[in-house]
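The values are calculated or read from the model by the stated rules, or taken from the named source; none is laboratory data. Model, not experiment: these values are computed from the prediction. Glycine gets a Cβ as well: all are built from the backbone with ideal geometry, and neighbour counts include every protein chain shown.
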Amino acid sequence: DGGITQSPKYLFRKEGQNVTLSCEQNLNHDAMYWYRQDPGQGLRLIYYSQIVNDFQKGDIAEGYSVSREKKESFPLTVTSAQKNPTAFYLCASSVPRGFGNIQYFGAGTRLSVL
Amino acid sequence: QKEVEQNSGPLSVPEGAIASLNCTYSDRGSQSFFWYRQYSGKSPELIMSIYSNGDKEDGRFTAQLNKASQYVSLLIRDSQPSDSATYLCALLMKTSYDKVIFGPGTSLSVIP
């Protein structure tokens, strides 16, 4: 089945620790995104990538880093510089603009601070 | 003004009634609009997309778009308890990349 796989489902971070959230897609989409969702709020864009080896900062990139070495993979690292990392993290990929830019989401990773 | 605004709710409707969800936006250049449904603790899933002024129907769902008024709505007919969720309005902004802006969502509760 085609889709987006995020792992782990739950993640706990200790103070001063970097953690990496995995996102893998087999939809053959070029564009991939990372969003953060806090309770009662909409999705805020952290990073996006339109093609392999290229990515851009979104609205709240501070304290986060990404890589895009393969089309299928777009991992997100939450660094120790992110002082309030507790949130629901969603990875998405999309079809091109000409086809409506419909975004498909993974199941999400819920990150908490120990 | 926020880019996409929605009433946070909760909106409560009895089973079988019509639920009406509203969304306003500020970017006049936006051309594509989406409604996503998000169950508690789950990821959003697309239920409707609309690109032209007017109505678009899909089963029990009807999306309405009025670009002049910068207004998008979603009607759910014959509401079911399984429709209870948060509904996110989203739009595609005309930028150098495909930037989708999400509203804060409206919580819908369908009462049996």
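In this structure, is A:S80 part of a loop (DSSP other than H, G, I, E, B), farther than 24 Å from B:G103 by Cβ, away from chain B (no Cβ under 11 Å) and not aromatic (F, W, Y)? Walk me through how you get there before you give the answer.
Values: part of a loop (DSSP other than H, G, I, E, B): yes; farther than 24 Å from B:G103 by Cβ: yes; away from chain B (no Cβ under 11 Å): yes; not aromatic (F, W, Y): yes.
Against the criterion (part of a loop (DSSP other than H, G, I, E, B), farther than 24 Å from B:G103 by Cβ, away from chain B (no Cβ under 11 Å) and not aromatic (F, W, Y)), A:S80 qualifies.
Filter the stretch B:27-37 down to the residues that are farther than 23 Å from B:D83 by Cβ and within 14 Å of chain A (Cβ to nearest Cβ) and list them by number. So that I can check it myself, show each step before the final result.
Initially, the stretch B:27-37 is screened for residues farther than 23 Å from B:D83 by Cβ, giving B:27-32.
Result: B:G29, B:S30, B:Q31, B:S32.
Give the residues of the stretch B:34-56 that are farther than 15 Å from B:S107 by Cα, assigned to a loop (DSSP other than H, G, I, E, B) and aromatic (F, W, Y), sorted by residue number.
Listed by number, the list holds a single entry, B:Y51.
Quick one: A:A107 ticks every box in (1) facing chain B (nearest Cβ under 10 Å); (2) within 20 Å of A:N28 (Cβ to Cβ); (3) among the hydrophobic types (A, V, I, L, M, F, W, C); (4) part of a strand (DSSP E or B) bar one, so which box is it?
Every condition holds for A:A107 apart from (4).
Working only within the stretch B:6-33, note down all residues that are closer than 21 Å to A:F88 by Cα and not in a loop (DSSP other than H, G, I, E, B).
B:Q6
Report the residue count in the stretch B:56-75 for those that are more than 25 Å from B:D27 (Cα to Cα) and touching a Phe, Trp or Tyr at 6+ places or on another chain (Cβ under 6 Å).
Of the residues in the stretch B:56-75, 0 are more than 25 Å from B:D27 (Cα to Cα) and touching a Phe, Trp or Tyr at 6+ places or on another chain (Cβ under 6 Å).
Restricting attention to the stretch B:71-82, and to residues there that are more than 13 Å from the chain's Cα centre (by Cα) and surrounded by fewer than 19 Cβ atoms within 10 Å (Cβ to Cβ), which single residue is nearest to B:F34 (Cα to Cα)?
Narrowing the stretch B:71-82 to residues more than 13 Å from the chain's Cα centre (by Cα): B:77-82.
When the remaining residues are screened for being surrounded by fewer than 19 Cβ atoms within 10 Å (Cβ to Cβ), the result is B:77-78, B:80-82.
Working: B:R77: 18, B:D78: 21, B:Q80: 21, B:P81: 22, B:S82: 20 Å.
Taking the candidates together, the pick is B:R77.
Considering only residues that are basic (K, R), assigned to a loop (DSSP other than H, G, I, E, B) and either surrounded by fewer than 17 Cβ atoms within 10 Å (Cβ to Cβ) or more than 14 Å from every other protein chain (Cβ to nearest Cβ) (or both), which ones fall in the stretch A:25-75?
Quick first cut of the stretch A:25-75, residues basic (K, R) only: A:36, A:44, A:57, A:68, A:70-71.
From what's left, assigned to a loop (DSSP other than H, G, I, E, B): A:68, A:71.
Passing the criteria: only A:K71.
Please state which of the following conditions A:D59 fails to meet, knowing it meets all the rest: (1) within 28 Å of B:Y39 (Cβ to Cβ); (2) modelled with pLDDT of 95 or more.
Here A:D59 clears every test but (2).
Of the numbered conditions (1) within 14 Å of chain A (Cβ to nearest Cβ); (2) surrounded by 14 or more Cβ atoms within 10 Å (Cβ to Cβ); (3) out of contact with any Phe, Trp or Tyr (no Cβ under 9 Å at 6 or more places or on another chain), B:Y87 fails exactly one; give the number of that condition.
Looking at each condition in turn, B:Y87 falls short on (3).
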